[in-house]
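As structure tokens, the structure follows; a few thoughts come after it.
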Amino acid sequence: SALLAARLDPSFASMARPLTLYHSFPFRSTRAAWLVHELGKADEVEFCKISLHGKGSAEQLAEYRANVHPYGTLPALVIATPPADPSQEDAAREVVLESGAICLYLAHHYNDLLPPPAAVATYYNWIVHCTSTADGILEPLYMQLTHTPDEQRDNKLVKEKMKKFKVFCLTLSAHLESNKPWVCGDVFTAADCVVGYTVWWASVIHGGALLADYPQMTEYLERLKERPAFQAAFSRKTKPSGGSI
């Protein structure tokens, strides 16, 4: 559409809200979209839907890759800074590419959903743990167990990733048991949007079988699902994406 084309134009940032989030449910951009709702800032952040698959997406994706995200994946957060000189038309523009980095930025930017001093290390640890370790475990499991026919499945890869996923689950379960109800104890933070998405993602793989032995994680997910902001961000039913989340 003409509006989407405008949003993909590098100069769009000067005309729009200061923050533009490129997002499509149920991709990892959902972490950031959920956090925006938790922060109560949905009216301050421009949401731009990007279709990575399907009819008509090739041209849109090419523009997105050229102007926003060099890898053509989600999410991306465009930050516009008004020019110091009012006579200049274009705003300065910076792009944050990773879901964990975007969540860290948003919490810092709005000075909200941050951890108490005693939990700062926990906060950073779990955000980066999920985005740098758990995502790399879940993505091949998702592709193999959700999108790959049984006869074509790489069972060796599945076994290897399941072994690592068990370590993640045991580690997170032990943490939740001693720190519940949230990642940073009594305080809900941006870390819960990152970790919570990881737990939700695991719950939709293979009919939820990945979490069957981890009640602390399923109980944590149920607590998250009760939050209005979670319900707003996860309001669509999950459909096979045709690609990685």
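The values are calculated or read from the model by the stated rules, or taken from the named source; none is laboratory data. Being a predicted model, the structure only gives us computed values, none of them experimental. Neighbour counts are summed over all protein chains in view; Cβ atoms, including those assigned to glycine, are modelled from backbone coordinates with ideal geometry. We work out accessible area using only protein heavy atoms, side chains counted, and drop any ligands, DNA or RNA first. Shrake-Rupley method; radii C 1.70, N 1.55, O 1.52, S 1.80 Å.
Of all residues in segment 130-157, those satisfying the criterion of being of a type in the set (D, E, K, R), open to solvent by 50 Å² or more (accessible area, probe 1.4 Å) and in a helix (DSSP H, G or I) are 139, 150, 151, 156. Kindly indicate the residue of segment 28-62 that is assigned to a loop (DSSP other than H, G, I, E, B) and crowded, with 20+ Cβ neighbours inside 10 Å and also modelled with the lowest pLDDT among those meeting that condition. Checking each candidate, the answer is 50.
Go through (1) modelled with pLDDT of 95 or more; (2) surrounded by 15 or more Cβ atoms within 10 Å (Cβ to Cβ); (3) not in a helix (DSSP H, G or I) one by one and return the number of the condition residue 244 breaks. In the conditions (1) modelled with pLDDT of 95 or more; (2) surrounded by 15 or more Cβ atoms within 10 Å (Cβ to Cβ); (3) not in a helix (DSSP H, G or I), residue 244 misses (1) alone. Residues in segment 158-196 that are modelled with pLDDT of 95 or more and not in a helix (DSSP H, G or I): 9 in all.
Does residue 172 fit the bill of being in contact (Cβ under 8 Å) with a residue 24 or more places away in the chain and either open to solvent by 30 Å² or more (accessible area, probe 1.4 Å) or out of contact with any Lys or Arg (no Cβ under 8 Å at 6 or more places or on another chain) (or both)? Quick ask: steps written out before the conclusion?
Details: in contact (Cβ under 8 Å) with a residue 24 or more places away in the chain: yes; either open to solvent by 30 Å² or more (accessible area, probe 1.4 Å) or out of contact with any Lys or Arg (no Cβ under 8 Å at 6 or more places or on another chain) (or both): yes.
Considered against the rule, which asks whether it is in contact (Cβ under 8 Å) with a residue 24 or more places away in the chain and either open to solvent by 30 Å² or more (accessible area, probe 1.4 Å) or out of contact with any Lys or Arg (no Cβ under 8 Å at 6 or more places or on another chain) (or both), residue 172 comes out as yes.
Kindly establish whether residue 127 is surrounded by 14 or more Cβ atoms within 10 Å (Cβ to Cβ), touching a helix residue (DSSP H, G or I) at 6+ places or on another chain (Cβ under 9 Å), among the β-branched types (Val, Ile, Thr) and under 23 Å from residue 206 (Cα atoms). Taking the combined requirement at face value, the residue does not satisfy it. Scanning segment 175-191 for residues that are touching a residue at least 60 places away in the same chain (Cβ under 8 Å) and either touching a Cys at 6+ places or on another chain (Cβ under 9 Å) or among the aromatic types (Phe, Trp, Tyr) (or both), which turns out surrounded by the fewest Cβ atoms within 10 Å (Cβ to Cβ)? The residue in question is 188.
In this structure, residue 6 qualifies as open to solvent by 10 Å² or more (accessible area, probe 1.4 Å), modelled with pLDDT under 85 and either not small (Gly, Ala, Ser) or not in a loop (DSSP other than H, G, I, E, B) (or both).
Criterion first (closer than 30 Å to residue 76 by Cβ, open to solvent by 30 Å² or more (accessible area, probe 1.4 Å) and among the charged types (D, E, K, R)) does residue 166 satisfy it? Can you show your working first?
Values: closer than 30 Å to residue 76 by Cβ: no; open to solvent by 30 Å² or more (accessible area, probe 1.4 Å): yes; among the charged types (D, E, K, R): yes.
So residue 166 does not fit the description; no.
Among the residues of segment 63-75, just one is open to solvent by 50 Å² or more (accessible area, probe 1.4 Å) and under 22 Å from residue 196 (Cα atoms), namely 73.
Within segment 113-142, residues that are in contact (Cβ under 8 Å) with a residue 12 or more places away in the chain have Cβ atoms under 6 Å from residues that are in a helix (DSSP H, G or I) and among the aromatic types (Phe, Trp, Tyr) in these pairs: 115/123; 134/168; 137/165; 138/201, counting only partners at least 6 apart in sequence or on another chain.
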